[in-house]
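Have a look at the structure below, then the notes.
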Amino acid sequence: MSPSEEVSALMLDLNDDEQRVLLAIAKRLAMGREQYGALDLATDPRDWTKEAYEEALDMSNYLAMALVKRATSREPSLPIHVRATTSVVGCASRTRPIDHSSGCARCPFLGGIGRFLRSMLGVFQSVR
């Protein structure tokens, strides 16, 4: 079965929200194709681990900037709430949702983001 046939078959089993997630990913791939050309993993010289690391750092910056903007805004907005960074999320390494707020031995990245955001939250709340 070709990748195209596999994707088509898989889409039939997914609900609307799951299809929207895959659609968002496909749109990002299409945007990358327009900007960089067709993806060819065999010849692409990029270090994908380094790329992911840099994107994670960018994401941390964007989240921190959004929290600072919200915390220092004089306009009424949704309150910054610790629950936003300690919610129970699904863990790929387990079959049931777990609380990543204190870190997960199997998912240190998710736990690390939660700890980072909570520490930023404390800093930003003191700015108010």
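The values are calculated or read from the model by the stated rules, or taken from the named source; none is laboratory data. This structure is a prediction, so every number in the text was calculated from the model and none was measured. We place every Cβ from the backbone using ideal geometry, glycine too, and count neighbours over all the protein chains shown.
Observations, loosely collected:
- Single residue of the range 1-49 satisfying the filter (part of a helix (DSSP H, G or I) and β-branched (Val, Ile, Thr)) that is surrounded by the fewest Cβ atoms within 10 Å (Cβ to Cβ): Thr49
- The residue list Ser119, Ser93 contains one member that is over 14 Å from the mean Cα position of the chain (by Cα), assigned to a helix (DSSP H, G or I) and modelled with pLDDT under 65, which is Ser119.
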